[in-house]
Every structure is written in C-alpha cells, then in structure tokens.
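Engineer: Just passing along the structure, written as structure tokens.
The values are calculated or read from the model by the stated rules, or taken from the named source; none is laboratory data. All values reported here derive from a predicted model rather than from experimental measurement. Every residue, glycine as well, gets a Cβ built from its backbone with ideal geometry; the counts of neighbours run over all protein chains shown.
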Amino acid sequence: MSDSLTCVPTPSPAALPIRRLTPRDLTACADLSEDRGWPREEHKWGLLLAAGTGYGIDEPEGGLVTACVVTEYGPAGRPDLGAIGMVLVAERHARQGIGRRLMRHVVAELGTIPLTLHATPYGRPLYEELGFKVTGRAEMVRGHFAAGGSAPAIPTRPATAEDLTTILRLDEKVFGTDRTPILTRLPAFADQLRVAEENGRIIGYAAAWPNMDDHVVGPLIARDTQTAKALIASLAAHTDRPLRTDIDVRHEELLAWVKERGLESVTFNAVMTYGISELPGDWTRRYAPLTVAAG
C-alpha cells in the first residue's frame, strides 16, 4: 500500500458551477474589480447586489473567478427588461471563455426577457457573438463643473419623501417600465436627489451619488434639455467633487454645454439590446442612466 497522497486536481473554472450571488458577496465582487484594475466600487456593488441578481463562479482557493449583475425592471415575477452589468473575469482566468460561459448562462436563465447592456469596445465582440445588437451610444464625461453663463431659470430643490411617488410615475413613463426596486433605494444611495419644478409640478429629477473621488450624475430624467441643464447645475452647486455622467450621444446640446463648463470626454460605450430592436420609453427625456451597470 502506497504512503503517497493522491493529488486531487483543481477543477477547471470551465467546469465549476455558476451560482447566484448575494449582498454577502460584496467584498469578493470588489476584490474582483480591483483584480482587473477597476476601482473597487463597493458602494455601487452594494446597490446592484441588493436591487438585482448577481451571478458568479467561486474560485476554489477563495474569491470569485467571474461575476456579473442583472437588474430586472417591470412587474415582479414578469419583468419587461433586464440590464446586465459589471461583467468581470479575474485576470488569471481571462481569455479562456469563462465570460462567454457566464453570459450564455445568464441569457438562458432570463429566457424571453429582453436584455440591455452598455458595452466597452473590448467587450462588444463577445456580446455581438451572443446576439446583442448595437442600438445606441453613450459618452462618458468627467470634470469639475464650472458655474457661469446664463443658468436655465428653472427652479430645482431637494426631493422629499413625498416626491417619491411622483418621481416613480414620471420615471416609468420616460424609462418605459417600472424601476421601483432600485429607485426607492436612491435616497439612501445618493448624496443628492433633486427635482425640477414648473408651477408646482415635477418635470425632471436627478441624483448625484459617490463613486471613488467623483459624484456620478444619474439617473437624469428631464422634460427637455433646459431642465436637464438646470438639474446638473444644481447638483454641481452642492458638491466640490468632479462630476461624471454617461449621456446619450443624441443629446448633442447637453453634451456641448457640459463640455463648455469643464467636463471632458472620457470614453464611449455602445448601448446594446437583445430580444428588442430598441429600448422602451422616451429617449428624448432620458439623458443619463443611474449607472451603465443598471441600464
């Protein structure tokens, strides 16, 4: 009888099970972000894991091999839309087909639910291979907002608890489906939540939430470009941090205006859909997402 120990080979990540993630996986998700050279973004991960559904593969030695989050919108149990974000594969397992396997699993899991995501140039070929189509484009801009010039004369104020029902109703009209589970977390998640009014009626709203050294502006829903400008200016007036946001490129006037006031282009992402030819709702009043990870 041999005294030598039998070595059990470490299973290949391709054979490891995909499981649902929970808020308890927050640190592992942040570690995975850091592994890929991204900011840890624990605040954002916390929101997405609480409001959405995470999927991942555990590393046998600890941590995660890969992860992503899906945020579902619409009636509970019968969502109209799923937004996929934070798709990450650990550096040591990159280029081995693991991201493709995770995405195939998620698409199959969601069945007939239409899907959307924001794709970097690096990720876009994989999503196209899976059947996603480019239906739009968003430009990320960042910088210290310089006040000045003629600010739009549209009154804005901090949102109150009484405003939330109106905000949810307005958002559903513009976004095209109900986002209650994630938007009801906004007051606790964001440092600022402001509304624009006309004759006592709310005509737009926007939030600014902390992400590393920045304040991210989003969601930004407004009746028109002047209202969107007023909301951005009012958020900027109440922070010393740089602003960052992702604006639909069709909103050319707003993009030109924020660049005149100090924000600079950082990158472009493709807005992609699966199972629908375009996103629901009214893009003319939808200026920026809460985060590109949640549509």
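Engineer: Which of the residues belonging to segment 41-66 are touching an Asp or Glu at 6+ places or on another chain (Cβ under 6 Å) and modelled with pLDDT under 95?
Structural biologist: If the condition is that a residue be touching an Asp or Glu at 6+ places or on another chain (Cβ under 6 Å) and modelled with pLDDT under 95, then no residue fits.
Engineer: For segment 90-130, which residues satisfy the criterion of being hydrophobic (A, V, I, L, M, F, W, C) and in a loop (DSSP other than H, G, I, E, B)?
Structural biologist: Within segment 90-130, Ala90, Ala94, Ile113, Leu130 meet the criteria.
Engineer: Do any strands (runs of 3 or more DSSP E) lying entirely in segment 152-220 carry at least 1 residues that are of a type in the set (A, V, I, L, M), and which ones are they?
Structural biologist: Of the strands (runs of 3 or more DSSP E) lying wholly inside segment 152-220, those with at least 1 residues that are of a type in the set (A, V, I, L, M) span 192-198, 201-211.
Engineer: Determine whether Ile221 is more than 17 Å from Trp283 (Cβ to Cβ), out of contact with any Ser or Thr (no Cβ under 7 Å at 6 or more places or on another chain), buried (at least 24 other Cβ atoms within 10 Å of the Cβ) and of a type outside the set (Asp, Glu).
Structural biologist: Details: more than 17 Å from Trp283 (Cβ to Cβ): no; out of contact with any Ser or Thr (no Cβ under 7 Å at 6 or more places or on another chain): yes; buried (at least 24 other Cβ atoms within 10 Å of the Cβ): yes; of a type outside the set (Asp, Glu): yes.
No.
Engineer: Do we find that Thr27 is buried (at least 18 other Cβ atoms within 10 Å of the Cβ) and hydroxyl-bearing (Ser, Thr, Tyr) in this structure? First the steps, then the outcome.
Structural biologist: Details: buried (at least 18 other Cβ atoms within 10 Å of the Cβ): no; hydroxyl-bearing (Ser, Thr, Tyr): yes.
Considered against the rule, which asks whether it is buried (at least 18 other Cβ atoms within 10 Å of the Cβ) and hydroxyl-bearing (Ser, Thr, Tyr), Thr27 comes out as no.
Engineer: Something else: Which of the residues belonging to segment 131-151 are outside any strand (DSSP E or B) and either loosely packed, with under 15 Cβ neighbours inside 10 Å or at pLDDT below 95 (or both)?
Structural biologist: Gly131, His144, Ala146, Ala147, Gly148, Gly149, Ser150, Ala151
Engineer: Using the structure shown, decide if Gly123 is surrounded by fewer than 19 Cβ atoms within 10 Å (Cβ to Cβ) and at pLDDT 95 or above.
Structural biologist: no
Engineer: Now for a different question. Among the residues of segment 256-293 satisfying the criterion of being at pLDDT 95 or above and of a type in the set (Gly, Ala, Ser), which is surrounded by the most Cβ atoms within 10 Å (Cβ to Cβ)?
Structural biologist: Of everything passing the filter in segment 256-293, Ala288 is surrounded by the most Cβ atoms within 10 Å (Cβ to Cβ).
Engineer: Would you be able to say whether some residue in segment 148-165 is within 18 Å of Ser265 (Cα to Cα) and either in contact with a strand residue (DSSP E or B) (Cβ under 9 Å, 6 or more places away or on another chain) or not β-branched (Val, Ile, Thr) (or both)?
Structural biologist: Of segment 148-165, the ones within 18 Å of Ser265 (Cα to Cα) are none.
No: zero hits.
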